[in-house]
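Q: Here it is, the structure in full.
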Amino acid sequence: MGLGSDMYRQQILDHYKNPRNRGTIEDATFSHVGENPSCGDTIRMDVKLADDGETIEYVAFTGDGCAISQASASMLTQRLPGTTLDELDAMDRDDVTDMLGVDISPMRIKCAVLAEKVAQDGAKIHTGEIEIEKTQTE
């Protein structure tokens, strides 16, 4: 781990201490909640779609948890606007770890991907693909 990984660690701490887009969207197109029961992380993602019904316009989050889960949610709220629901669905664990910029241990990957999974499941509920009350990363 060199100087670059220290920069990313600082970025994670900055997003944790000063989260971007923290809050709710009153007229969200969809909202969804998820948790990582193994460590107590919780995330609610609110997503507002553009008039085309496919492009993400705004994203906000609320929740509690470790620095990785909260920073990942904060970063995701900045990354998702302008993407489509199909692009959100295509995201995977590698996209999240690339966004975070550091190696994530197997025990912490559930924390890192929680916000992504919550947003993806929220979109699938919105489009009628699935019916679940809460996302869990176990």
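Q: Tell me the relative contact order for the chain as a rounded percent, counting alpha carbon contacts under 8 Å between residues six or more apart.
A: Contact order relative to length: 29 percent.
Q: Quick one: length gained pulling Gln78 to Glu57 fully straight, 0.36 nm per residue minus the C-alpha distance?
A: Going from the current span to full extension adds 6.5 nm.
Q: In degrees, nearest 10, range 0 to 90: what is the angle between the Cα axis of helix 109-126 and the longest Cα principal axis of the chain?
A: Between helix and principal axis, roughly 10 degrees.
Q: Next question, about the same structure. Is it possible to state the helix-based mean residue ellipticity at 222 nm for the chain, with each DSSP H run of 4+ residues giving -39500 (n - 2.57), the sum divided by total residues, to the nearest 500 deg cm²/dmol? What is it?
A: Helix-only estimate at 222 nm: -13500 deg cm²/dmol.
Q: Rg over Rh of the chain, using C-alpha atoms and the Kirkwood radius, what does it come to?
A: A ratio of 0.96.
Q: Given 5 Å bins starting at zero, what is the percent of C-alpha pairs of segment 4-56 in each, up to the one with the largest pair distance?
A: Distribution as computed: 5, 15, 15, 18, 19, 15, 9, 3, 0 percent.
Q: OK, next. Ratio of segment 93-134's C-alpha Rg to 2.2 N^0.38 Å, to two decimals?
A: 1.34
Q: Can I ask one more? Which of these, Lys17, Lys110, Lys48, has the largest mean-square fluctuation under a Gaussian network model of the chain (Cα springs below 10 Å)?
A: Its mean-square fluctuation being the largest, the pick is Lys17.
Q: Lys and Arg at +1, Asp and Glu at -1: add these up for the other residues within a Cβ distance under 12 Å of Val102 and post the number.
A: Residues near Val102 contribute -1 overall.
Q: Residues of the chain: accessible area per residue at 1.4 Å, in Å²? Could the numbers behind the result be given before it?
A: On the way: 7310 Å² over 138 residues.
On a per-residue basis, the chain sits at 53 Å².
Q: Assuming a strict under-24 Å limit between Cα atoms, what lysine pair count do you get for the chain once near-sequence pairs (fewer than 8 apart, same chain) are dropped?
A: So the count works out to 9.
Q: When the accessible area of the chain is split by element with a 1.4 Å probe, what percent falls to carbon and sulfur?
A: After summing per-atom areas, the C and S share lands at 45 percent.
Q: Starting from the 7 Å offset along Cα-to-Cβ, what nm value, one decimal, do you get for the label separation of Asp95 and Met7?
A: 2.4 nm
Q: If you don't mind, another one. So if each residue of separation counts as 0.36 nm, and I subtract the Cα-Cα distance between Asp103 and Asp14, what length gain in nm does that give?
A: Values: separation 89, 0.36 × 89 = 32.04 nm, distance 1.75 nm.
That works out to 30.3 nm of additional length.
The values are calculated or read from the model by the stated rules, or taken from the named source; none is laboratory data. Because the structure is a prediction, the values reported are computed rather than measured. Don't worry about glycine lacking a Cβ; one is built from the backbone with ideal geometry, like all the others, and counts go over all protein chains shown. When the accessible area is computed, the model is the full protein with side chains, heavy atoms only, and any ligands, DNA or RNA have been set aside. Shrake-Rupley method; radii C 1.70, N 1.55, O 1.52, S 1.80 Å.
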